[in-house]
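This report refers to the structure that appears directly beneath it.
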Amino acid sequence: MKITLLGTGTPAPSLARQSSGYLFEVGDDLIVMDHGPGAHHRLIESGHRAVDVSHVFISHLHYDHCMDYTRLVLQRWDMGADRIPDLEVYGPAPIARMTELLFGEEGVYGPDIRARIEHESSIFVFEERGGKPPRKRPQPHVNEVHAGDVVQGKGWTVTVGNASHVQPQLECLAFRLDSEEGSVCYSGDSGGVCEELIDLARGCDVLIHMNHYLSGTEPTASYRKACGNHRDNAVIAKRAGVKTLVLTHVLAQIDRPEVREQIMLEIRDEFDGSVIWGEDLMQLTLDRSGLVKG
Ligand SMILES: [Zn+2]
């Protein structure tokens, strides 16, 4: 299994770190987890295209986790020219409504989609791409999922769990991906010591976890429970018994050598496994022995 970190940033503007996005190459499938602004650009930089993506999982509907979902769906539809299967989409409610409001007949992109289906010049381009009119509308298969759900793919399984983030305003999910080559858990956005996340991640080779803040600098207890800090992440990684912890969702305030070293050292005090400071376009490979290679 190959893992590519597409976006390791936050909602804050950054050229170094795009918003959340992760790519998993498992068997014949290309799975994207979260697709915030800039993540799609990184997908292209990683050598892939929207048409290559088979499945997308969205952890929660904060815009920094789903804004490029629009680009993924439209570009995949446009370039795919009805020659590829519809995208399989998984995420919390109301992702079905969001999808309809974006791509439905009366949706935000309704007029664009209609023009591309009906205008002669667009029909020409569609045919040049191998399509046979009449062109279908983009119709991603949207599956609203909740903690406890299991999605079975070809050679992989995704188990859905709860994260600790901004409930109840948004349902916030975490995902565990199991395959023959190993297991990886993605926290989505999660803070504090989330017991459900520890259960979900138990025994994983890799845990990709939000690391937004430096312990002790969070403004309130509620902020810590929603957005976490490095000491809580160390406890989660240790108690879940994962082999490698990948830190992501990094704010500029902590993205400095001296703070990074402090965070890594203090996590290693608590957690015996490997700790990786995530960067955009970093690639990790999991093989049958469970080892992670940079
Ligand atoms: Zn969030």
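Before rounding to the nearest 500, sum -39500 (n - 2.57) across all DSSP H runs of length at least 4 in the chain and divide by the residue total; then give [θ] at 222 nm in deg cm²/dmol.
The helix contribution divided over the chain gives -9000 deg cm²/dmol.
Using the basic label-point model (7 angstrom from Cα toward the beta carbon), what is the Arg49 to Tyr63 distance in nanometres?
Label-label distance for Arg49 and Tyr63, simple model: 3.0 nm.
Quick one: net charge around Ser122, please, counting Lys, Arg +1 and Asp, Glu -1 for every other residue with C-beta under 15 Å from its C-beta.
In short, 0.
Fully extended, how many nm does the chain gain between Met79 and Glu195 (0.36 nm per residue separation, minus their Cα-Cα distance)?
That pair, Met79 and Glu195, stretches by 37.5 nm at full extension.
Which angle from 0 to 90°, rounded to the nearest 10, does the C-alpha axis of helix 63-80 make with the longest principal axis of the chain?
The two axes meet at around 30 degrees.
Spin-label point model (7 Å from Cα, Cβ direction): what's the Ala96 to Gln139 distance in nm?
According to this spin-label approximation, the distance is 1.5 nm.
At R0 = 22 Å, how high is the FRET efficiency between Asp28 and Gln283 if r is their beta carbon distance? Nearest 0.05 is fine.
0.70
Would you list, by chain and number, the lysines whose Cα falls below 30 Å from the Cα of Lys132, excluding same-chain residues fewer than 8 positions away?
List returned: Lys154.
Accessible area per residue for the chain in Å², computed with a 1.4 Å probe and the full protein assembly in place, what is it?
On a per-residue basis, 44 Å².
Tell me the carbon and sulfur percent of the accessible area for the chain, rounded to whole percent, probe radius 1.4 Å.
52
Can you tell me the equivalent ellipsoid semi-axes for segment 246-294? Use √(5λ) from the Cα gyration tensor, largest first, whole Å.
Taking √(5λ) for each Cα gyration eigenvalue gives 22, 15, 7 Å.
Amide H neighbours of Ser190 under 5 Å, at least 5 residues apart or on other chains, H built in the peptide plane: list them.
Met210
What's the center-to-center distance, using Cα atoms, between segment 50-72 and segment 260-294 in Å?
About 25 Å separates the Cα centre of segment 50-72 from the one of segment 260-294.
So, by mean Cβ neighbours within 10 angstrom, what's the order for 178-188, 208-218, 160-170, 143-153 with the highest one leading?
The densest-packed peptide leads the list: 178-188, 208-218, 160-170, 143-153.
Under 5 Å between amide H atoms, partner at least 5 residues away or on a different chain: which partners does Asn162 have, H built in plane at 1.01 Å?
Ala174
Given axes a ≥ b ≥ c from the Cα gyration tensor, I'd like to know whether the chain is rounded (a/c under 1.5), prolate (a/b larger than b/c) or oblate.
Prolate, since a/c reaches 1.5 and a/b exceeds b/c.
List the trypsin sites (Lys or Arg not before Pro) within segment 206-294 that fall in a DSSP loop (any state other than H, G, I, E or B) and whose Cβ has at most 16 other Cβ atoms within 10 Å.
Here the trypsin sites (Lys or Arg not before Pro) that fit, given the DSSP loop and packing criteria, are Arg288.
Just check segment 153-281 against the gyration tensor rule for me: Cα atoms, a ≥ b ≥ c as the square roots of the eigenvalues, rounded for a/c under 1.5, and otherwise prolate or oblate depending on whether a/b exceeds b/c.
It comes out oblate by the Cα gyration axes.
Measure off 7 Å from each Cα along the Cα-to-Cβ vector at Ala16 and Arg260, then give the distance between these two points in nanometres to one decimal.
According to this spin-label approximation, the distance is 0.6 nm.
The values are calculated or read from the model by the stated rules, or taken from the named source; none is laboratory data. If you're wondering where the values come from, they're calculated on a predicted model, not measured in any experiment. So basically every Cβ, Gly included, is an ideal-geometry build from the backbone, and we count neighbours across all protein chains shown. Just the protein is used for accessible areas: all its heavy atoms, side chains included, with ligands, DNA and RNA removed. Shrake-Rupley method; radii C 1.70, N 1.55, O 1.52, S 1.80 Å.
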